[in-house]
Amino acid sequence: MNRLFVFCLLSISTFFSCRDARIHEHSNWGKYYEAEGIKNAGFILRDQAHDAVHYYNLNHDTAHYLPASTFKIMLSLVALELGVVQDDKFIIPFNGDSTGRPDWDKDLTLREAFEVSSEPFFKEVARRIGKERLQHFLDTVRYGNQKLGDSVATCWTDNTLKISADEQVGFVRKMYFNQLPFTDRTQRITRSLMLRENTNSRKLYYKTGWGENDTAKILWTVGFAEYEVKVKEKEGSMNKSDERNYVYFFAQNFEIPKTDTGSKNWSEKRKELLNSILKDYTENTSK
């Protein structure tokens with residue numbers, strides 16, 4: 001009970017409410033991380049339809065880490081709102097400074113840059129926004145610890161700006177319902193940038209991130225999933241459709257050693273881990 005009380009207190013800033021949401025721990029989700037040799041991991045899932053929050057590893061979920069490239073969600077919102085970037089087709093030309101990555105070293109639209117997580121593109125976006133204006137939106141949204149530090153172009157990678165997994169879930173949930181202090185258009189376009197999978201039964205939206213702190217490499221996956229489920233209604237039910245839509249908001253964060261040599265493809269592994277937990281939840285819990 002004490003752990004639950006702490007979780008409730010710490011989750012106020014994530015827009016969860018202990019009065020209207022059931023909270024459940026899933027220690028069994030740890031098996032997916034343990035199978036990959038991951039010792040430090042956390043996962044939070046908010047089931048909107050069932051007013052429930054499900055989590056693995058409370059301490060990790062409420063600890064603050066650099067957002068890495070997940071901050072590009074926030075940068076996109078601010079840039080679109082201010083007109084720094086007019087729409088998802090807006091191009092920022094390649095500045096000629098080679099990064100060694102062909103997918104970054106060229107002219108890119110916002111949509112293309114978001115998909116390949118281009119650092120040069122979003123550093124330029126941050127510079128065009130400027131420190132004062134970006135700080136204003138961090139404060140208004142109450143994004144993480146709201147600290148920019150000395151460089152507006154490195155704040156998401158230099159361990160100045162930090163955010164927790166539960167705060168990430170609150171942030172994307174607010175964006176999904178157009179409840180952030182941005183226009184509906186800005187939030188709609190940014191949501192669309194996050195779409196990574198679109199099938200008949202599921203749409204999966206997320207942004208990944210990869211950074212380092214003093215002790216480890218930090219890997220994020222933050223977003224939401226929309227599921228379309230067919231159900232059999234009881235006779236006389238007021239619901240005439242046999243289709244139900246469910247949305248789940250999630251944040252996954254785990255650490256790997258700084259000395260990791262890349263023996264595993266962690267970019268793919270984090271997606272596999274995400275899908276394993278979503279499958280576990282949707283097949284065994286929510287229906």
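Data overview
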item: Estimated FRET transfer efficiency when R0 is 41 angstrom, pair T183-K258 (beta carbons, to 0.05); result: 0.50
item: Ranked packing of 97-109, 59-71, 187-199, most packed first, by mean Cβ within 10 Å; result: 59-71, 187-199, 97-109
item: Length-normalised contact order of the chain in % [C-alpha pairs under 8 Å, at least 6 apart]; result: 22
item: Selection from P181, T157, L204, by position along the positive dipole direction of segment 151-206 (Cβ); result: L204
item: Computed [θ] at 222 nm, helices only, for the chain once each DSSP H run of length n ≥ 4 contributes -39500 (n - 2.57); result: -10000 deg cm²/dmol
item: Net lengthening on full extension, E243/L82 (0.36 nm per residue, minus Cα-Cα); result: 54.1 nm
item: ³J(HN,Hα), Karplus 6.51/-1.76/1.60, whole Hz, each residue of segment 28-38, x for Gly, Pro; result: 5, 5, x, 5, 5, 6, 4, 5, 9, x, 8
item: Cα-based convex hull, segment 66-162, per residue volume (Å³, whole number); result: 87
item: Cut-off under 5 Å, modelled amide H: who pairs with A52 long-range; result: R22, D47
item: Calculated from backbone phi, Karplus (6.51, -1.76, 1.60) coupling profile of segment 51-63 in Hz, x at Gly/Pro; result: 6, 9, 10, 10, 8, 10, 6, 3, 4, 6, 5, 9, 7
item: Fully extended contour minus Cα-Cα distance, from D107 to S276, at 0.36 nm per residue; result: 57.3 nm
item: Ascending count of other beta-carbon atoms within 10 Å, so fewest first, for Y33, Y176; result: Y176, Y33
item: Highest to lowest packing among 79-88, 155-164, scored as the average C-beta count within 10 Å; result: 155-164, 79-88
item: Nearest-0.05 FRET efficiency for A52 and K131, computed from C-beta distance (R0 41 Å); result: 0.55
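Read-outs: derived from the displayed coordinates by stated rules, not from any lab. Predicted model, so just to flag it, every value in this text is computed and none were measured. Virtual Cβ from ideal backbone geometry, glycine too; neighbours counted across all protein chains shown.
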